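This report concerns only the one structure given below.
The values are calculated or read from the model by the stated rules, or taken from the named source; none is laboratory data. All values derive from a computational prediction rather than experimental measurement. Reconstructed Cβ throughout: ideal geometry from the backbone, glycine too, with neighbour counts over all protein chains shown. We work out accessible area using only protein heavy atoms, side chains counted, and drop any ligands, DNA or RNA first. Shrake-Rupley method; radii C 1.70, N 1.55, O 1.52, S 1.80 Å.
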Amino acid sequence: MSERLSAAFRSSLREGKTPAVMLWLNTLKGTRVFSADPLPADIFAAQAGTKFNAAVMFDASVMFNGGSLFLAAERRALKVGALKAGTASMPENLVGSFRRSSRRSLRVVLANDDRAITKLFAKEPLLMAGCQVKVGFIGLALTDYATVLEGRVERVEIRGSFEAALTVKEV
Amino acid sequence: MAPGLDAKILLAKAGRYSNPANEADILPVVIGDHASGSGFGLLPTVEIDTVNHVFLVADHAVGSLTNVYVDGVEQVSGFTTSVSNNYEGQGSVATITFSSDPGGAVTARGEGLQDAGSTVESWADAVVAYLRLKGGFKDGDFDQTELARSRSQSAAGGYEMAWVFAEERTAKEWLTTLMAPVLGSHDLGADGRVRLFVHAGRPKVDLARLVGHVVATRDVKEGSQGVHLTYDAANLVNSVSARWGWNFAESKWMGAEDNWQTALSEKSQNLYGEVRREHLMKGLKDEAAARKVAEIILDIQPEPVGVATFKLEHMKGFGWSPGDLFGFTWMWGPDELDQGMVNRIFRVEAVSVDLARLEAKVTASETGYYLAGRVFFDAAVKFDASKRFGAKRDLTVYA
């Protein structure tokens, strides 16, 4: 985590508030946000994008909404796994750990009881989609959230009838 | 029954001769044409007689020895070659005999093992030839139907092998090693014969291998919830970094291409970004054949390939083996028509049978094909563009 933490973030941290995690997914069609926690109140306002006013000319010089539509923000995540780094085979393979670098990864389990992720997978390229994992606290503004991982989706699992899971890895 | 696939295939050592430079040196087997090509053909040698300066090229008779080199410099005199030399009564071998100590590393070019006067080089034939020569296999140990198909596919793909065998491995290890460069595979048929599979294009779905239908709600333990479908980035490829033309004498690749693509892979890159994989084609010396192999990879994996795992109940799946096909119906699977997976054809990758529970754990991959229903030429179907000819999806849930 290289970016500076906001004062509100640090204050929430000191107060021992419960953290909130969001997965920002950028497919070719636009941006989707999945979270297990209540979303920041300003999330839609912050992503309002280009307005239809006289400031923007429809002359192809500007892509509508900056080229990335904000499609959805949902409390669909059921479980956010640990942010993992390092050699999985430790402590047995100490020598191997010297030869191997590891990208950080995170697995997010999503509700799929309405087949929403199944349908999404069939119509949007979820695999290899760019993504960000943001951490903040419930009640904080979106700008106070910190990005802890930037990567891409390297595995999509559709499990049984009710769950899907995305594994994201650092690029 | 084929000889043990797990037994190590041993090769002769230089110690069988009176004055070798090193008794432990393995006497190599040379398969294929190492006489022509863009520098791919250098053959290492083993000095089997330090007194008479005799160097062994192959532990069998060969088709030709066309060029001789010392420290990479071609020699034109001071030596004699023999494509079949029963040296010290130890059987026919290919040798180079110098009139005096050459004083450097001796290499050569030539054509390897012969069969009825022709150089063995077609890929399937080459694999069989090595296992027959050193592994104790006979013609009857190979499934002749699959072998004939693999031969024709080897010819269609232009897959010609140029290999120097100087390592001791089990037959199974050799089969895996030798088939991998051309995306081939092997297994044991029900009759115990070795089946070789070589493809000159994307493997076709052979409905003769359709072993059944799986309806998740009916056949899978825990029903629909018992299915786990995974799409992994590791199964997505839209650019191939290829290496071919291995020089056995100098241990280096002679052919390389870092970014082979097709029109299909460009579309894939637009969707998923560039996903490049390396494919090493040791023993394959022709660039056109290497390109063909790369195109097969790019044709198979430009889209994510789903891998499903589930357990079948009531002894279903007990007789299945890798490569078998089944129609899979699982309403929770992704589908472009949003109808769920109905009669999507999956290929069995692995089956593990639990005899205590009478369950079979199946791992299977998507083929990209569906079982299709036939359209009859009757009044029910009109040629008015409202239906696509022959493209009716079979939505029957099989009993």
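Taking region B:291-322 as the range and being under 30 Å from B:Arg243 (Cα atoms), in a strand (DSSP E or B) and open to solvent by less than 20 Å² (accessible area, probe 1.4 Å) as the test, only B:Gly306 passes. Tell me whether region B:85-101 contains one or more residues that are within 29 Å of B:Arg291 (Cβ to Cβ) and open to solvent by less than 20 Å² (accessible area, probe 1.4 Å). No, the conditions are met nowhere in region B:85-101.
With respect to (1) buried (at least 21 other Cβ atoms within 10 Å of the Cβ); (2) in contact with a Ser or Thr (Cβ under 8 Å, 6 or more places away or on another chain), the lone exception for B:His34 is condition (2).
Taking first residues from region B:323-337 that are open to solvent by less than 10 Å² (accessible area, probe 1.4 Å) and partners that are in a strand (DSSP E or B) and charged (D, E, K, R), the Cβ contacts under 6 Å between residues at least 6 apart in sequence or on separate chains come to B:Leu325/B:Arg347; B:Phe328/B:Arg344. In region B:12-24 there is no residue matching the filter, namely being closer than 30 Å to B:Gly255 by Cα and either open to solvent by less than 60 Å² (accessible area, probe 1.4 Å) or polar (S, T, N, Q) (or both).
Taken over region B:9-42, the criterion of being outside any loop (DSSP other than H, G, I, E, B) and at pLDDT 95 or above is satisfied by B:Lys13, B:Ala14, B:Gly15, B:Arg16, B:Asn19, B:Ile26, B:Val29, B:Val30, B:Ile31.
Just so you know, in region B:267-288 the residues that are away from every other protein chain (no Cβ under 12 Å) and charged (D, E, K, R) include one that is nearest to the chain's Cα centre (by Cα), and it is B:Lys282. Exactly one residue among B:Gly255, B:Gly223 is surrounded by 15 or more Cβ atoms within 10 Å (Cβ to Cβ) and either within 14 Å of another protein chain (Cβ to nearest Cβ) or without any contact (Cβ under 8 Å) to a residue 24 or more places away in the chain (or both), and that residue is B:Gly223. Condition first: in a strand (DSSP E or B), open to solvent by 20 Å² or more (accessible area, probe 1.4 Å) and under 20 Å from A:Arg75 (Cβ atoms). Now tell me which residues in region A:154-166 satisfy that. If the condition is that a residue be in a strand (DSSP E or B), open to solvent by 20 Å² or more (accessible area, probe 1.4 Å) and under 20 Å from A:Arg75 (Cβ atoms), then A:Arg159, A:Glu163 are the ones that fit. Based on this model, can you work out whether B:Ile48 counts as under 31 Å from the mean Cα position of the chain (by Cα) and open to solvent by less than 30 Å² (accessible area, probe 1.4 Å)? No, not satisfied. Total residues in region B:111-141 satisfying the condition of being surrounded by fewer than 17 Cβ atoms within 10 Å (Cβ to Cβ) and either touching a residue at least 40 places away in the same chain (Cβ under 8 Å) or in a strand (DSSP E or B) (or both): the figure is 4.
Restricting B:Trp244, B:Trp260 to those that are aromatic (Phe, Trp, Tyr), within 17 Å of the chain's Cα centre (by Cα) and at pLDDT 90 or above reduces the list to B:Trp244.
Here is a yes/no grid of residues against (1) more than 22 Å from B:Glu274 (Cβ to Cβ); (2) without any contact (Cβ under 8 Å) to a residue 40 or more places away in the chain:
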{"site": "A:Ala116", "(1), (2)": "yes, no"}
{"site": "A:Leu126", "(1), (2)": "no, no"}
{"site": "A:Val153", "(1), (2)": "no, no"}
{"site": "A:Val156", "(1), (2)": "no, yes"}
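Selection over region B:226-252 of residues that are buried (at least 17 other Cβ atoms within 10 Å of the Cβ), away from chain A (no Cβ under 14 Å) and in contact (Cβ under 8 Å) with a residue 40 or more places away in the chain gives a count of 8.
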